[in-house]
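Reading through the structure tokens given below for one structure.
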Amino acid sequence: NSLYGISAKSQFKHLYSKYTASDCTYLGRQFINYAIETFKKEGLIVLYGDTDSIFVEIPDNKTENEALLVASKISKYISSSLPFPWEEFDFKLEHRLDKIFFFNNKKGELKKKNYIYITDKKKMEIKGLDIIQKDCSKLSTYIFENHLKPKIIESGKCEFDQLFIESLVRDNIDKDISIVARRFNIKDDSEYKMENSIYNHILKMYGPGEVYLIKNKKIGAGKNVKYCSIDESKGLKFNDLDLDDIWSELSPFIKTDYQEKLF
């Protein structure tokens with residue numbers, strides 16, 4: 001993986017090769033497509049493919065052992081087609097899944113590399129969703145980990161009524177409004193060239209340094225979108241807060257008939 005990655009970067013002059021990375025990904029897509037077609041021909045249901053993995057559903061007339069035999073057959077064929085066959089090359093069973101959930105964008109199209117699955121050992125894995133990104137809000141992360149995740153694992157359902165999620169958002173904000181504060185590390189004015197930059201507005205109102213601010217529609221730094229201090233936010237009502245980021249992060253878990261109201 002390391003060699004494949006740096007081969008595309010010209011600064012690594014001894015390893016750089018114009019076509020190596022694209023050839024690798026092209027071969028990878030061929031392998032995955034071949035595997036998908038072979039699984040289908042053998043009567044197995046292919047749900048999804050992601051980089052070097054395939055999610056296969058075993059129908060009632062097939063067994064897990066039969067699926068593994070097909071996987072072995074695919075691996076041997078691919079390996080035999082390469083100029084450097086490797087004995088340990090094989091499809092391996094990574095997890096047995098109880099449930100898997102895929103997600104659509106606003107146009108109703110399947111979002112690539114966005115899914116959640118629950119293993120037979122009741123462990124959850126999440127790929128691609130905003131809820132696992134480093135910049136995800138503290139509130140959304142808290143609601144997901146403490147309220148939604150246990151319910152998803154227990155019930156096997158990952159969509160909830162908007163009113164239920166809104167009540168969680170309201171309750172947690174009522175307990176401590178700082179849970180929706182965003183951290184800014186503001187430098188001196190020489191760092192910000194654009195006059196209308198939100199960082200410039202924050203600098204002028206709150207000065208340089210680390211500051212925690214709450215996004216809202218009424219007071220603080222900024223024009224259309226405003227950020228105020230935690231102390232200033234105590235005079236705001238719930239509807240004064242700008243929670244667009246929160247709703248976006250939690251939107252995969254809200255029943256789709258509510259999506260139009262939120263967005």
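Close amide H pairs (under 5 Å, H built 1.01 Å from N) link Val46 with Glu57, residues at least 5 positions away or on another chain. The angle separating the long axis of helix 162-175 from the principal Cα axis of greatest extent in the chain is about 50 degrees. Report, to one decimal in Å, the Kirkwood hydrodynamic radius for the range 120-199 based on all distinct Cα pairs. The answer is 15.5 Å.
Run the numbers for Glu37 and Ser81: contour at 0.36 nm per residue of separation, minus the present Cα-Cα distance, in nm. Present the calculation step by step, with values, prior to reporting the outcome.
Numbers: separation 44, 0.36 × 44 = 15.84 nm, distance 1.68 nm.
The span from Glu37 to Ser81 would gain 14.2 nm if fully extended.
Put simply, the amide H of Asn104, placed in the peptide plane, has neighbours under 5 Å in Lys111, leaving out anything fewer than 5 places away on its chain.
So what's the convex hull volume per residue for the Cα atoms of the chain, in Å³? All intermediate terms of the calculation are to be shown ahead of the outcome.
Numbers: hull volume 52.1 nm³, N = 263.
Output value, Cα hull per residue: 198 Å³.
Between Ser17 and Lys157, full extension at 0.36 nm per residue minus the direct alpha carbon distance yields a gain of 45.7 nm.
Between the helical axis of 20-41 and the longest alpha-carbon principal axis of the chain there is an angle of about 70 degrees.
Take every pair of alpha-carbon atoms less than 8 Å apart whose residues are at least six positions apart; their mean separation over the length of the range 22-122 yields a relative contact order of 17 percent.
Just want to confirm a number: the relative contact order over the chain, from Cα pairs under 8 angstrom separated by 6+ residues, in percent. Relative contact order for the chain comes out at 10 percent. Computed over the range 1-94, the range of Cα coordinates on each principal axis works out to 54, 25, 21 Å, biggest value leading. Taking 4 °C and 1.567 mPa s as conditions, the range 1-42 diffuses translationally at an estimated 112 µm²/s according to Stokes-Einstein applied to its Kirkwood radius (Cα pairs).
Once the Cα atoms are used to define both axes, helix 64-80 deviates from the longest principal axis of the chain by about 80 degrees.
Counting 0.36 nm for each residue step from Phe102 to Val46 and taking away their Cα separation leaves a gain of 18.8 nm.
Normalising the Debye intensity of the range 107-146 to I(0), with uniform scatterers on Cα atoms only, and taking log10 at q = 0.16, 0.19, 0.31 Å⁻¹ returns -0.51, -0.69, -1.04. Among beta bridges identified by DSSP and lying wholly in the chain, the antiparallel ones come to about 95 percent. Binning all Cα-Cα separations of the range 155-197 at 10 Å, short to long from zero, yields these whole-percent fractions: 20, 26, 21, 21, 11, 1.
Students often get this wrong, so check it: of Lys151/Lys226; Lys127/Lys237; Lys123/Lys237; Lys134/Lys234; Lys107/Lys157, which have C-alpha atoms separated by over 30 Å? Walk me through the numbers before you get to the answer.
Details: Lys151/Lys226 35 Å; Lys127/Lys237 35 Å; Lys123/Lys237 38 Å; Lys134/Lys234 27 Å; Lys107/Lys157 22 Å.
Too far apart for the 30 Å limit: Lys151/Lys226; Lys127/Lys237; Lys123/Lys237.
Under 4 °C and 1.567 mPa s, how fast does the range 63-211 diffuse according to Stokes-Einstein, given a Kirkwood radius computed over C-alpha pairs? Answer in µm²/s, whole number.
D, rounded to a whole number, is 64 µm²/s.
Just so you know, all these numbers are worked out from the coordinates, no wet-lab data involved. Predicted model, so just to flag it, every value in this text is computed and none were measured.
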